[in-house]
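What follows is a set of notes on a single structure, which appears directly below.
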Amino acid sequence: MNILQRWLINSFDWQAIGLALIILIITIIVTKGVVTPLFGQIEKRVSKRFSIWRDILKAFERPVKIAILFAGIVWALHVAHAPRTILHYAHDINKSVLIFSVGYGIYTLMTSLADLLRYFGTKVHIEVDSIVMPFLKRTLQFIVMALTVTMILSDWGINVNGVFAGLGLAGLAVSMAAQDPIKNLLGGIIIITEKPFQIGDNIESPSVAGVAEDITFRSTLIRTLDGALVIVPNATLSNEPITNWSRVVTRKIGLTFYLSLDTTTQEIIAASEDTMAKLAQDDHFVENSASASISQVLPEGYEFDVSVMLKMAADTNFAGERADVNMTVMRILADHDIQLAVTNRLIPNS
């Protein structure tokens with residue numbers, strides 16, 4: 001046996017190190033083979049009665065694994081008779097990991113904030129506003145993240161006030177460059193407080209038209225009728241007139257056709273009566289709201305205006321209904337052999 005082998009044997013407590021390795025192996029087995037099945041069984045039993053607990057269990061499953069793993073590492077270091085300095089830092093790191101795990105779990109849980117608030121809202125008979133949820137979720141996530149970092153820094157003896165003072169000076173330096181984000185943030189607050197629309201509402205403004213899908217600190221996400229996702233800055237949307245079609249009970253469909261000057265009065269009267277009769281048969285329209293008449297005579301032809309009031313519901317496709325009315329009138333005009341006039345006039349949409 002050479003000198004190096006004797007030194008290794010005499011310098012280390014191999015029995016303690018072996019026991020520490022066993023503890024590490026058991027810890028890994030517990031985190032992978034016990035915690036996951038345990039959470040799965042609890043989730044199956046609890047979520048049948050309280051679905052909100054499923055989100056809570058999913059949010060804290062990974063933090064619990066991390067906390068158990070680091071606790072096992074610290075225990076193994078104690079068993080292995082690690083130097084006091086290493087144990088001291090190991091305990092500090094373990095405390096920071098525990099704080100981070102709790103913060104991470106709460107941060108993850110914020111993604112299920114809407115369901116959580118709706119659950120408790122039903123208990124106290126309070127209606128939860130859908131447009132507030134995305135904004136509130138991100139605000140609370142930021143607060144949780146800031147508090148978690150603050151607690152970890154304080155635990156390591158770092159002067160948090162000094163850090164925040166430095167951040168304040170840095171924030172002052174970049175504030176001039178951050179005017180647009182600040183405007184968007186304030187715009188988001190205005191949208192949330194004034195509530196011109198809810199998530200899922202069909203809205204229209206001078207810059208965009210579609211269904212509101214989400215709102216963030218910076219922008220609002222609008223899904224247009226052709227399926228495109230448009231990101232509108234909150235500062236822009238908050239300063240524009242917004243028409244919320246989801247809050248409209250009825251909406252007018254107005255179409256203008258230019259008929260040839262060769263069209264006779266009898267043909268116009270027949271086409272007008274047939275159009276109103278056909279639209280009156282459709283339950284989607286308000287009773288006795290259909291009209292079809294000549295509004296004026298122009299050099300290029302007769303201006304034939306058709307209008308009807310559409311009953312608006314959550315699943316009403318206004319563009320589709322308008323297209324159907326257009327095709328109905330075109331068929332009636334074709335049945336009466338009425339020709340359309342050629343015109344360069346801009347026909348308004350309504």
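The values are calculated or read from the model by the stated rules, or taken from the named source; none is laboratory data. The shown structure was predicted, so the numbers you read here are calculated from the model rather than taken from an experiment. Here the Cβ positions follow ideal geometry from the backbone for every residue, glycine too, while neighbour counts run over all protein chains shown. The area values use the complete protein model at the heavy-atom level, side chains included, leaving out ligands, DNA and RNA. Shrake-Rupley method; radii C 1.70, N 1.55, O 1.52, S 1.80 Å.
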Subject >> Net lengthening on full extension, Leu340/Ala280 (0.36 nm per residue, minus Cα-Cα) >> reply: 19.2 nm
Original post:
What nm distance separates the two modelled labels at Asp180 and Ile66, each placed 7 Å from Cα along Cα→Cβ?
Top reply: 3.4
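With a Förster radius of 41 Å, plug the Cβ-Cβ distance of Ile294 and Ala314 into 1/(1 + (r/R0)^6) and report the FRET value to the nearest 0.05.
0.65
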Original post:
Principal axis lengths of the stretch 189-243 from Cα atoms, whole Å, largest first?
Top reply: 29, 20, 18
Original post:
Along the positive direction of the dipole of the stretch 271-313 (beta-carbon charges: Lys, Arg +1; Asp, Glu -1; about the Cα centre), which of Val297, Ser272, Met312 reaches farthest?
Top reply: Met312
Original post:
By a straight-distance test (C-alpha under 27 Å), which lysines pair with Lys65 as possible cross-link partners, with residues fewer than eight away in the same chain excluded?
Top reply: Lys32, Lys44, Lys48, Lys95, Lys137
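Of the accessible area of the stretch 190-320, with the probe set at 1.4 angstrom, what percent is carbon plus sulfur? Present the calculation step by step, with values, prior to reporting the outcome.
Working: 3560 of 6870 Å².
Roughly 52 percent, rounded to a whole number.
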Subject >> R0 of 35 Å, Cβ-Cβ distance Arg331-Asn239: FRET efficiency to nearest 0.05 >> reply: 0.20
**OP:** Kindly write out, for the stretch 191-203 in residue order, the coupling ³J(HN,Hα) from the Karplus curve 6.51 cos²θ - 1.76 cosθ + 1.60 (θ = phi - 60°), rounded to whole Hz, with x marking Gly and Pro.
**Re:** 4, 5, 6, 7, 6, x, 7, 10, 5, x, 6, 8, 10
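For the stretch 198-286, report the accessible area per residue in Å² (1.4 Å probe, heavy atoms, rounded to an integer).
Working: 4580 Å² over 89 residues.
Per residue, the stretch 198-286 has 51 Å² of solvent-accessible surface.
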Original post:
In nm, what is the difference between 0.36 nm times the number of residues separating Val230 and Arg138 and their Cα-Cα distance?
Top reply: 31.1 nm
**OP:** Measure off 7 Å from each Cα along the Cα-to-Cβ vector at Leu147 and Ala209, then give the distance between these two points in nanometres to one decimal.
**Re:** 4.5
